[in-house]
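To start, the structure under review is shown below, and the notes come after it.
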Amino acid sequence: MSARLDERLERIYQEVTHRNPGESEFHQAVHEVLETLGPVVAKYPELAEHKVIQRVCEPERQIIFRVPWQDDRGEIHINRAFRVEFNSALGPYKGGMRFHPSVYLGIIKFLGFEQVFKNGLTGMPIGGGKGGSDFDPKGRSDDEIMRFCQSLMTELYRYLGEYTDVPAGDIGVGERELGFLFGQYKRITNRYESGVLTGKGLAWGGSCARKEATGYGTVYFLQEMLKARGDDLDGKTCVISGSGNVAIYAMSKAMQHGAKVIACSDSAGIIVDEQGLDLARIKRIKEIERRRISAYADEVSSARHIAGGNLWEIPCDVALPCATQNELDGKDAKRLIENGCIAVAEGANMPTTPEGVRLFQEAKIAYGPGKAANAGGVATSALEMQQNASRDSWTFEHTEQRLREIMIDIHRNCHETAEEFGMPGDYVSGANIAGFLKVSKAMMAMGVI
Ligand code: GLU
């Protein structure tokens, strides 16, 4: 791990690793937060007295269950699914479901832990949770996806509710999967409980701008970081990892603000076009045809596909990691800095390794960690809950405006908190401390629970 912890926090960290063996991503996420809490425990001794940090590192409830389902040939498959209900001090557990073969308890716990602080930062009344399964949706038919989602919800429904736990999407879970999940929840419970899931389709209780929100929000946060340095996005070259929902809408908003997006990726490789990528084509290939990103280079002569290529080797002004955890390491960070990159905003959760984060901070580039920079998605989920609760639906413009205000507020909060604790420009400390203070105040008010 990177920075050293002060003695008291080191003891808490050792206890976390001891109690949660083999969960390296969870350890990493906890270490990254504890690294920044030294000045907070010094300023507020009551935190130690109330054991708030120990409590915040222990999920309130963890559910692990079997998901049996049949493929189109009738063969039976057994997957494992999780829901980690991490913290409900600020509201019902809130966070996505991830379907990916790499999912195990350690991944869901790291995501749930980060979600607690992220959701605190949004200022909305939502606690933190996360779920998912090691199910691999790649190559599965719509019918297979449906049967899997129905089987999963047949167990999960008993733990959910609009006042209890409200899942949404994440990697491998979008509107199609949420539709199957919602349908099964409705059928089992005999309740049309719109507020039990977010990221719903517009025809059945979803919010305008939810699909766009994570990517848009990341670019709003980026713009605020640049603005604080007297700069903006206009004319900047930009590389964006991934080509899923977050990457596509980060691309869209960056382009709207005058950036030239020259590269993106999927797990098989990268595509590069120095003349700038064509967003409509990427959307068709990924959202409608559900094909690999290499198809883009087959269609566009100025573009090239590099199988297994490393996106971070492409020179750029701005890098937006929007794919997955630990996708950008120390070597990559060094290369980006050498190539003149001035800003990094994370659309994904924990995409930069601790070594990468350290290098970005030492180089003093504008670095916005996921907890803050990608909070627009879950913030707009909270706006969806708000609309569902009042049986209302807002226009795209109104919802996007709210999202923009929330991202500006998050930036301001992180910026001011970093200054207050003597680390100006350090958005990692700013985000962790501001998110932590919000949650810990609520926890202390509620007593020993
Ligand atoms: N999965 C998203 C995240 O990482 C969104 C969660 C939600 O909307 O509840 O924040």
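Starting from the exponent 0.38 and prefactor 2.2 Å, build the expected Rg for the stretch 255-301 from its residue count and divide its actual Cα Rg by it.
Values: Rg = 10.5 Å, N = 47, 2.2 N^0.38 = 9.5 Å.
After normalising by residue count via 2.2 N^0.38 Å, the value is 1.10.
Derived value for the stretch 242-370: Kirkwood hydrodynamic radius 14.7 Å. Basis is the mean of 1/r over every pair of different alpha-carbon atoms. Taking a Cβ cut-off of under 11 Å around residue 379, the surrounding Lys, Arg, Asp and Glu residues balance to a net charge of +2, with basic ones at +1 and acidic ones at -1. Among complete DSSP H helices in the chain, those whose alpha-carbon atoms stretch at least 24 Å along the helix's long axis and whose mean Kyte-Doolittle hydropathy reaches -1.0 are 105-122, 210-228, 427-445.
For the stretch 327-387, taking the reciprocal of the average inverse distance between every pair of different Cα atoms yields a Kirkwood hydrodynamic radius of 12.4 Å.
For the peptides 404-414, 374-384, 278-288, what is the packing order when you average, over each peptide's residues, the other Cβ atoms within 10 Å and list the highest mean first?
374-384, 404-414, 278-288
Relative to the globular-protein estimate of 2.2 N^0.38 Å, the Cα radius of gyration of the stretch 154-196 stands at 1.08.
Please report 312, 204, 69 as a ranked list, fewest other C-beta atoms within 10 angstrom at the top and most at the bottom.
Working: 312 26, 204 14, 69 19.
So the ranking, lowest neighbour count to highest, is 204, 69, 312.
With all pairs of different alpha carbon atoms counted, what Kirkwood hydrodynamic radius in Å does the stretch 65-196 show?
Details: mean 1/r = 0.0676 Å⁻¹.
So the Kirkwood estimate lands at 14.8 Å.
Packing around the peptides 75-85, 339-349, taken as the average count of other Cβ atoms within 10 Å per residue, puts them in this order, highest first: 339-349, 75-85. Normalising by residue count, the stretch 1-144 has a Cα convex hull of 129 Å³ per residue.
Calculate, in whole percent, how much of the Cα-Cα pair population of the stretch 112-261 lies beyond 28 Å. In whole percent, the long-distance tail amounts to 30.
Just how large is the dipole of the stretch 152-202 about the Cα centre, in debye to the nearest 20, putting +1 at every Lys and Arg Cβ and -1 at every Asp and Glu Cβ? Could you put the intermediate results ahead of the total?
On the way: 6 positive and 7 negative charges, 47 e Å.
Magnitude of the dipole: close to 220 debye.
Rounded to the nearest 20 debye, the dipole magnitude of the stretch 1-132 is 260 debye, with +1 charges on Lys and Arg beta carbons, -1 on Asp and Glu beta carbons, and the Cα centre as origin. Relative protection proxy for 301-310, 249-258, 51-60, from highest mean packing down: 249-258, 51-60, 301-310 (other beta-carbon atoms within 10 angstrom). Extension gain, residue 3 to residue 389, is 134.6 nm, computed as 0.36 nm per intervening residue step minus the present C-alpha separation. With the dipole of the stretch 323-449 worked out from charges on the C-beta (+1 for Lys and Arg, -1 for Asp and Glu) around the Cα centre, which of 415, 440, 383 lies farthest toward the positive end? Looking along the dipole axis, the top candidate is 440. Overall dimensions of the chain, expressed as equivalent-ellipsoid semi-axes from the Cα gyration tensor (√(5λ), whole Å, largest first), are 30, 29, 21. Under the convention that each Lys and Arg Cβ holds +1 and each Asp and Glu Cβ holds -1, the size of the dipole of the stretch 371-449 around its Cα centre is about 260 debye. For the residue pairs 130/211; 51/211; 109/236, alpha carbon separations beyond 29 Å are given by 51/211; 109/236.
As a test of the formula, what do you get for the chain when each DSSP H run with n ≥ 4 contributes -39,500 (n - 2.57) and the sum is divided by the residue count, at 222 nm and rounded to the nearest 500 deg cm²/dmol?
On the way: 18 runs with 210 residues, N = 449.
Result for the chain: -14500 deg cm²/dmol, rounded to the nearest 500.
Between residue 231 and residue 163, the simple label model (points 7 Å from Cα in the Cβ direction) yields a spacing of 4.9 nm. In units of the compact-protein estimate 2.2 N^0.38 Å, the stretch 322-431 shows a Cα radius of gyration of 1.23. Computed over neighbours whose Cβ is under 13 Å from that of residue 325, the net charge equals -4, Lys and Arg +1, Asp and Glu -1.
First measure r as the distance between the Cβ atoms of residue 256 and residue 362, then evaluate 1/(1 + (r/R0)^6) with R0 = 35 Å and state the FRET efficiency to the nearest 0.05. Show your work: numbers first, answer last.
Values: r = 32 Å, r/R0 = 0.92.
My answer for the efficiency is 0.65.
If both residues of a DSSP beta bridge must be in the stretch 80-232, then about 55% of such bridges are antiparallel.
Laboratory data are not the source of any read-out in this text; all were calculated from the coordinates shown. In this text, all values refer to a predicted model and were calculated from it rather than measured experimentally. Positions of Cβ are generated from backbone atoms using ideal geometry, with glycine treated the same way; all protein chains shown enter the neighbour counts.
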